[in-house]
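What follows is calculated from the coordinates using simple rules that are stated; it is not laboratory data. Since the model is a prediction, treat every value here as computed from it, not as a measurement. Every residue, glycine among them, receives a Cβ derived from its backbone with ideal geometry; neighbour counts consider all protein chains shown.
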Amino acid sequence: MSRRRSTPAHDAGPPSVTAMLPAIPRSDMLGRLAALRSASTPALKQQWRELFGQAPPRFHPRTYLRSRLAYRIQELAYGGLRPETVDRLVALGEQLDGGNVVLRRIRADHRPLPGTRLLREWAGVEHVVTVLADGFEWEGRPYQSLSAIARAITGTRWNGWTFFGLKGRAGA
């Protein structure tokens, strides 16, 4: 049995809101993507309202807003995933978790998958941490914990999961 579930990128709201979202001409797309880099946080939040038809999420860094807006701009210019692709992704997910929605939302170890890149802007500098199978890497050096990286970046003690916006996930 295959269930059809929409993803956040494709679930912009009720049909009345979705119908009001702007179509972005492909000729405007590259300029809009480039403008995201220098846009202020209030400008990014305003674009979020225009492109998603809802309020932006609270407490997310600018890098998150920029990346989601960049995806959304491309989605509105080129179109989203085809229904067949969404159905295939749902089917693959069901193969992994047997269709159990609870298992789909919870990973056994609650840790980001190796290869995941965590982004955090601090004091005007964007920091990128790569998740490894046995730790983390920042600026070419291995670390055992995100807290150690957060301390190296800020000079003060931080909960690494909180610093990188992972707090609030199951088990974090």
Quiz prompt | Net charge, E126 excluded, C-beta distance under 15 Å - Lys, Arg +1, Asp, Glu -1 | solution = +3
Quiz prompt | Contour excess over end-to-end distance, with Cα ends at A43 and T85 and 0.36 nm allotted per residue | solution = 11.9 nm
Quiz item: With contacts defined as alpha carbon pairs under 8 Å and 6 or more residues apart, what's the relative contact order of the range 117-163 in percent?
Solution: 23 percent
Quiz item: Sorted from fewest to most neighbouring beta carbons within 10 Å, what does the list T63, T41 look like?
Solution: T41, T63
Practice problem: May I ask you to evaluate 6.51 cos²θ - 1.76 cosθ + 1.60, the Karplus curve with θ = phi - 60°, for each residue of the range 25-36 and list the ³J(HN,Hα) values in order in whole Hz, giving x for glycine and proline? | Solution: x, 4, 5, 8, 4, 4, x, 5, 5, 5, 5, 4
